[in-house]
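Q: Let me begin by handing over the structure; questions about it come next.
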Amino acid sequence: MVIGVFILICGGDEAGRGALIGPLVVALVVFKKGSEKKLARIGVRDSKLLNTKRREELYKIINSLAIDTKVAKIDPIQINEVMKNKISLNELEAMHFSRLFDKLQTDVDLMYLDSPDVIEEKFGVRVNMLTVKPTRVAGIKSAVQKGVKYTKIISEHKADTKYAIVSAASIIAKVTRDREMKKIEKKLGIDLGSGYPSDIYTTDAVRKHMKSGILKDYIRERWATMDRIRQTRLTTFGFRSLDTEL
């Protein structure tokens, strides 16, 4: 919707999709169209290309500049349950993106989403089907009702590297997840690393504490990595990847 002379756009992205430990975080941010250049000037880019300190700095700036920001933290217990019920992560993400979109206090003209689906428009269709607000998906023909304001959903692969608005959402999601991981480490008194299966600190923590059950509420039990860990003993080989994401 046009507010005065401004067109509003939002971007959506996630952090923690491929993690073994900790939450999956999805985020939406809303800006005035034209703000993309400013975001790019201050160094906003895909969160995986930034170090922790810079992400934290940009997190504060993005929140101060954004018209609206919405975040959802999906804990491993919920992820395990939906996977048990044969619900895919793509479906789970779409569900939460649609809920965040419905909670926005402002109407937006365009919503850019980083698509995890093989057919990139399919993720946009998932969100379109779940939201209660009128939307249409770029690249998909659909009937429109005259006089109704629709939000156009642009769902693309690598949107977090193509669009600054999606990069901003990726930073919000990544910093939120990193903070959640620190809370878990503090609570348990265990170094969990990044939480990703490529991080040896993460896999070592899981191996060492598997029998105690102390990590049971924080592990994605149905990950293939867990099956491998259960079947192999602790190895001294490997390396720590500081901010590895799949």
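Q: Specify which labelled value, from [x] 62, 39, 38; [y] 48, 46, 33; [z] 62, 39, 27, agrees with Cα extents along the principal axes in Å derived from the coordinates of the model shown.
A: Among [x] 62, 39, 38; [y] 48, 46, 33; [z] 62, 39, 27, the one calculated here is [z].
Q: So if we plug the beta-carbon distance of Val132 and Asn90 into 1/(1 + (r/R0)^6) with R0 = 25 Å, what FRET efficiency do we get, rounded to 0.05?
A: 0.80
Q: Quick one: 3J(HN,Hα) in Hz for the stretch 60-71, Karplus 6.51/-1.76/1.60 with θ = phi - 60°, rounded, Gly and Pro as x.
A: With coefficients 6.51, -1.76 and 1.60, one gets 5, 5, 4, 5, 6, 8, 5, 6, 7, 9, 10, 9 Hz.
Q: Would you calculate the separation in nanometres between label points at Thr161 and Lys122, each defined as 7 Å from the Cα along the Cα-to-beta-carbon direction?
A: Distance between the two pseudo-spin positions: 2.2 nm.
Q: While we're here: Suppose every K and R has +1 on its Cβ and every D and E has -1 on its Cβ; what is the size of the dipole of the chain about the Cα centre, in Debye to the nearest 20?
A: That gives a dipole near 200 debye.
Q: Taking a temperature of 20 °C and a viscosity of 1.002 mPa s, what whole-number D in µm²/s does Stokes-Einstein yield for the stretch 87-224 with Rh from Kirkwood over alpha carbon pairs?
A: Answer from the Stokes-Einstein relation: 123 µm²/s.
Q: Given a Förster radius of 30 Å and the C-beta distance between Gln78 and Asn51 as r, what FRET efficiency does 1/(1 + (r/R0)^6) yield to the nearest 0.05?
A: FRET efficiency, Gln78 to Asn51: 0.50.
Q: Any idea how far the Cα center of the stretch 18-46 sits from the one of the stretch 194-220, in Å?
A: 28
Q: Just name one of Gly147, Phe6, Phe97: the one whose Cα is farthest towards the positive end of the charge dipole of the stretch 2-180 (beta-carbon charges, Lys/Arg +1, Asp/Glu -1).
A: With unit charges placed on the Cβ atoms, the residue in question is Phe6.
Q: If I take every Cα pair under 8 Å that is 6 or more residues apart in the chain, average their sequence separation and divide by the length, what percent do I get for the relative contact order?
A: Contact order relative to length: 29 percent.
Read-outs throughout are calculated quantities, based only on the coordinates presented, and are distinct from any laboratory measurement. Every value quoted in this text rests on a predicted model; they were computed, and no experiment measured them. A quick note on method: Cβ atoms are made from the backbone with ideal geometry, for glycine too, and the neighbour counts reach across all protein chains shown.
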